[in-house]
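The values are calculated or read from the model by the stated rules, or taken from the named source; none is laboratory data. Worth saying up front: this structure is predicted, and the values here are computed from it rather than measured. All Cβ positions, glycine included, derive from the backbone under ideal geometry; neighbour counts span all protein chains shown. Note: areas computed on protein heavy atoms with side chains; ligands, DNA, RNA excluded. Shrake-Rupley method; radii C 1.70, N 1.55, O 1.52, S 1.80 Å.
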Amino acid sequence: MSNLTIRPLTIRARRSEDLELCVQVLREVRLVSGYPMKWPSDPVGWLDHPRLDQAWVAYSSPGVIDGHVAVQNGREVTRLFVAPAARRMKVASALLDHVSVWAGGRLILDVVDRPDSSAVAFYEATGWRYTHMSTAGWSGPRGETVRLRHYVR
């Protein structure tokens, strides 16, 4: 049996004043899981790029961001991450359910193809259907080709 306490979670539209805290959480995520694969030169701009339709944050107490998600192109999930301290508390599931309601149903996403990917395991365990593989239009940190797994829900 787990000792984790699942706290009440609030999801709301991300505000500009959330961005610096989101970057701090993203740094923690990068240290633990390597996401994003390449650290952006402008992490605030990476989180708040102009092609986004909407972005949300999840929090369980004021001043603490437990997770983040954004949507671009009407139904493409992007910039999804959960603070290491909030993992296994259903934050990602709650964010994706919220996005699904906002988008009116069908969503798509892609994830870097890695043999030990907890993201792939999560998506496949929560009903996302693998559709195909592609080559990313960007390279990895050492200039390597990056393969992406595409999913639909």
(message) Skipping prolines and chain starts, which residues have an amide H placed within reach, meaning under 5 Å, of the one on residue 58, given they are 5 or more residues away or on another chain?
(response) 66, 67, 68
(message) If each residue of separation counts as 0.36 nm, what is the full-extension length gain between residue 126 and residue 142 once their alpha-carbon separation is subtracted?
(response) 2.6 nm
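Ignoring everything except DSSP H segments at least 4 long, calculate the 222 nm mean residue ellipticity for the chain; use -39,500 (n - 2.57) per segment, divide by total residues, nearest 500. Spell out each step's value before the answer.
On the way: 4 runs with 41 residues, N = 153.
It lands at -8000 deg cm²/dmol.
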(request) State the percentage of accessible surface on region 1-144 attributable to carbon and sulfur atoms; use a 1.4 Å probe and exclude ligands, DNA and RNA. (result) 52 percent
(request) Name the residue, out of 84, 36, 62, whose mean-square fluctuation peaks in a Gaussian network model built on the chain with Cα pairs under 10 Å. (result) 62
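Once the other residues with Cβ under 9 Å from the Cβ of residue 136 are scored (Lys, Arg +1; Asp, Glu -1), what is the net sum? It would help to have the intermediate numbers written out before the result.
On the way: positive: 147; negative: 110.
Residues close to residue 136 contribute a combined charge of 0.
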(request) Net charge near residue 21: determine it from the other residues with C-beta under 12 Å of the C-beta of residue 21, scoring Lys and Arg +1 and Asp and Glu -1. (result) -2
(request) Take the chain, connect every pair of alpha-carbon atoms lying under 10 Å apart with a spring to form a Gaussian network, then pick out the residue of 57, 32, 120 with the largest mean-square fluctuation. (result) 32
(message) Compute a Gaussian network model of the chain, connecting alpha carbons closer than 10 Å, and tell me which residue from 76, 20, 28 fluctuates the most.
(response) 20
(request) Give me the accessible area per residue for the chain, probe 1.4 Å, as a whole number in Å². (result) 57 Å²
